[in-house]
1. List the residue pairs whose Cβ atoms are under 6 Å apart, where the first residue sits in region A:35-47 and is within 10 Å of chain B (Cβ to nearest Cβ), the second is part of a strand (DSSP E or B), and the two are 6 or more positions apart or on different chains.
2. For A:Ile21, all conditions in the list (1) within 13 Å of the ligand (Cβ to nearest atom); (2) open to solvent by 40 Å² or more (accessible area, probe 1.4 Å); (3) of a type outside the set (D, E, K, R) hold save one; what is the number of the exception?
3. Can you tell which of A:Met236, A:Met249 is within 14 Å of chain B (Cβ to nearest Cβ) and open to solvent by less than 10 Å² (accessible area, probe 1.4 Å)?
4. Out of everything in region B:254-298 that is of a type in the set (S, T, N, Q) and over 25 Å from B:Tyr160 (Cα atoms), what residue ends up being nearest to the other protein chains (Cβ to nearest Cβ)?
5. Being surrounded by fewer than 24 Cβ atoms within 10 Å (Cβ to Cβ) and within 21 Å of A:Leu288 (Cα to Cα) narrows it down to one residue among A:Gly204, A:Gly231, A:Gly213; which is it?
6. Applying the selection to region B:209-253, what residues are within 10 Å of another protein chain (Cβ to nearest Cβ) and among the hydrophobic types (A, V, I, L, M, F, W, C)?
7. Of all residues being among the charged types (D, E, K, R) and open to solvent by 60 Å² or more (accessible area, probe 1.4 Å) in region A:276-308, which is farthest from A:Ala229 (Cα to Cα)? Just the residue, please.
8. Between residues in region A:269-294 that are closer than 20 Å to A:Gly320 by Cβ and residues that are of a type in the set (Val, Ile, Thr), which pairs lie under 6 Å by C-beta distance while being six or more apart or on different chains?
Amino acid sequence: MSRTILVNEAIRFGVPEGDIILDAALSQGVVLPHQCRGASCGMCKARVTQGTVDNGWSLGLAISDQEIAEGFCLMCQARPLSAEVHLRTVQPIPGGEGSAVQSFEARVLCNTPLTPRVRRLVLQASEPLRFEAQAGAYVELALPGLSPHRRYSLATVPSSTGLIELLVARHPGGAASGHIHDLLQPGDSVGVTGPYGTCRLPEGEGTVLGLAGGTGLAPVLSIMEDALAHGDISPMTLLFSVRDDAELMLMDRLAGLARAHPNFRYALLVTEARSRFCMKQQYAPSWLRENHGSLAGARAVIGGSPGFVAACSDTCIALGMESTAISADSFTPVAQT
Amino acid sequence: MPDPQTLLAEIKAAPGIDGPNIFPLEWPVETPKLYDIYDAARDPGWSPHTLAWDTLRVEDYSLDQRYAMAYWFSLLAVFDGSGPSVFARAMIHTYESKEEDPVRKCFFSVVRDEMNHEEVCGRAIKRLTPGGPLGYVPETPLGHLARNNIEWLYYNGSRYWTGFKNGVDKYPLAILFTSFLFGEVASSTLFHGMYQRTTIPVFKEAFKRIGQDEGRHLGICLAVLQKLLPVLTEEDKQMISIQLRAGFVFLSGILHEPPEQFWKLPPTFIPAQRQIDEVARSAGLGILTLDERKANWKTAVLRMKANLDPYGIEFPALPEVGIEGKEVVFDPEKVIPIF
Ligand code: FES
């Protein structure tokens with residue numbers, strides 16, 4: 001006999017007798033928040049608002065006895081006992097209801113140079129994140145004595161680990177980037193608010209171009225990585241443009257994606273110096289024209305300085321891409337205060 | 001070229017293959033869920049070499065603190081460092097015993113994860129005690145004690161390996177997986193505690209990432225056991241009780257303190273380790289006190305027990321943490337659990 005599950009009053013599916021709720025959902029293509037499937041990450045936690053479940057295995061890492069007593073369960077271990085069970089998830093459903101903006105303290109775990117100009121900043125959130133499926137989003141950092149808050153795109157989709165990864169370029173005279181580069185130490189706290197931003201993979205089925213200038217790589221790479229991780233099989237090319245070889249970064253991630261996904265490839269452009277990686281100095285618009293006779297039906301995600309974004313999107317449109325098929329994340333250094 | 005029909009008249013059947021053998025190759029699937037977990041594990045989402053090692057400034061720590069932290073990573077490495085070899089050996093076993101394809105794949109992903117965990121241990125040790133774990137000359141008495149203890153730990157690790165090698169081929173999958181599950185329970189408990197407690201950023205990230213990997217391993221063990229536990233034979237159940245006792249004794253070496261039944265250690269070992277613990281704790285490594293470790297270990301073991309009881313597996317008596325149960329004989333030649 002099958003049991004019926006209703007999640008967040010929106011998603012209904014059946015679970016064969018004796019089966020685990022999450023297993024049954026996934027086998028029917030119903031995506032629910034989860035990660036380890038081993039009762040240790042807590043991503044799949046949900047409150048049972050109606051009906052009863054057998055809680056199954058738990059080691060107490062992801063769910064406490066008290067939470068069980070309060071009616072929470074782990075969907076990756078629980079089996080329905082009543083004919084109908086209603087659940088409310090703690091994490092948002094991927095691609096579902098959207099995430100509310102959250103403000104929280106985060107501790108600096110890592111602040112290391114990737115290139116002479118860019119540092120990789122990893123923050124540990126002090127509370128669980130509700131950032132699921134927000135590739136392409138950005139957050140605001142509140143740094144001591146600096147106003148307004150500074151915006152940085154997420155370089156990875158924050159997962160249940162609560163780790164937030166950002167790429168921070170030093171801007172000449174930039175107070176915030178200077179502070180991050182020179183003063184922010186592991187162990188320091190910063191305020192974070194987010195997620196914001198609407199840069200997403202444009203809907204559609206055509207080829208995807210990711211055009212990234214400098215730290216614009218963060219949103220472009222995380223969007224493409226996220227799409228690939230979710231099984232997107234569209235042909236994807238990521239073009240990463242920098243001024244010289246020393247500015248290249250995250251090459252292992254790019255190479256790893258290309259190895260893991262036959263539909264993903266990347267190209268490097270060096271604009272102002274001789275390079276080990278490309279035959280000639282070239283700007284993204286000219287690369288686009290040289291490599292694509294027409295971009296009709298294609299989609300693009302563009303990240304970089306306003307000039308880079310404008311030049312790339314103008315070229316894409318000139319080559320036949322619909323303007324609605326372009327999503328961009330452009331950054332402008334904030335004036336010093 | 002001879003006509004295939006003519007050739008066919010002359011063919012000779014290939015000789016039979018003695019098992020266990022990796023040939024003939026097959027790709028059976030009984031638990032598709034394991035493919036999903038394997039897929040999720042293809043990219044673990046982190047690499048030990050991109051952790052912020054440069055933030056670990058050894059000069060900020062006293063010599064004794066360096067020795068003590070390196071000691072703890074050496075102790076961890078007795079378990080985590082053997083992970084790749086243990087799981088690689090077990091992976092070969094799954095090929096030879098014709099386990100389903102996703103089980104073999106999951107073992108492979110665990111080998112890869114264990115490589116990463118072992119790399120963290122190695123990098124920490126080499127940074128804190130260049131030449132370590134053994135090839136350096138300590139400059140303080142505590143450093144000498146630490147190095148002597150490490151020699152004893154590795155001696156015991158070598159005894160474990162001999163037992164594991166002899167044991168792994170003998171046991172059916174259910175027994176292997178309950179043993180591994182015990183290891184995963186132990187490591188999740190340990191890394192969770194250390195992650196919460198450490199104040200050293202690079203280790204905080206490392207422990208968190210390792211804990212996340214271990215969570216996936218737990219998921220693998222549970223997926224396999226959910227299939228196997230309901231159909232155990234009485235003989236399997238008895239063997240599992242014995243293995244649980246063996247696992248408890250072996251894993252207590254890091255979760256609490258090494259009990260005598262397996263661990264052959266000199267009388268200086270435990271007093272030295274207690275002092276080293278104190279010093280590593282003072283450096284911020286996140287070492288729980290002995291009482292906290294014991295309490296966590298007991299909770300983890302009790303949860304393991306609660307999850308095995310419904311399948312009629314008698315839990316062994318574990319008097320060291322005050323758990324009553326079936327008296328089982330401990331055989332040091334048969335220890336197979338691992339992180
Ligand atoms: S998926 Fe990790 S606890 Fe359920």
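The values are calculated or read from the model by the stated rules, or taken from the named source; none is laboratory data. What you are looking at is a predicted structure, and each value in this text was computed from that prediction instead of being measured. Note: ideal-geometry Cβ built from the backbone for every residue, glycine included; neighbour counts use all protein chains shown. To get the accessible areas, we keep the full protein, side chains included, count just its heavy atoms, and leave off ligands, DNA and RNA. Shrake-Rupley method; radii C 1.70, N 1.55, O 1.52, S 1.80 Å.
1. A:Ala39/A:Leu74
2. (2)
3. Details: A:Met236 fails: within 14 Å of chain B (Cβ to nearest Cβ).
Of A:Met236, A:Met249, the one residue that is within 14 Å of chain B (Cβ to nearest Cβ) and open to solvent by less than 10 Å² (accessible area, probe 1.4 Å) is A:Met249.
4. Going through region B:254-298, the residues of a type in the set (S, T, N, Q) turn out to be B:261, B:268, B:273, B:275, B:282, B:289, B:296.
Those left that are additionally over 25 Å from B:Tyr160 (Cα atoms): B:275, B:282, B:289.
Values: B:Gln275: 27, B:Ser282: 17, B:Thr289: 19 Å.
Checking each candidate, the answer is B:Ser282.
5. On the way: A:Gly231 fails: within 21 Å of A:Leu288 (Cα to Cα); A:Gly213 fails: surrounded by fewer than 24 Cβ atoms within 10 Å (Cβ to Cβ).
Residue meeting the stated conditions: A:Gly204.
6. If the condition is that a residue be within 10 Å of another protein chain (Cβ to nearest Cβ) and among the hydrophobic types (A, V, I, L, M, F, W, C), then B:Leu218, B:Ile220, B:Cys221, B:Leu222, B:Ala223, B:Leu225 are the ones that fit.
7. So the first thing to find is which residues in region A:276-308 are among the charged types (D, E, K, R), and the list is A:276, A:280, A:289-290, A:299.
Going one step further and asking which of them are open to solvent by 60 Å² or more (accessible area, probe 1.4 Å), we end up with A:276, A:280, A:289-290.
Values: A:Arg276: 30, A:Lys280: 33, A:Arg289: 29, A:Glu290: 30 Å.
Restricting to residues being among the charged types (D, E, K, R) and open to solvent by 60 Å² or more (accessible area, probe 1.4 Å), the top hit is A:Lys280.
8. Note: pairs meeting the criteria are A:Tyr283/A:Thr271; A:Pro285/A:Thr315; A:Leu288/A:Thr315.
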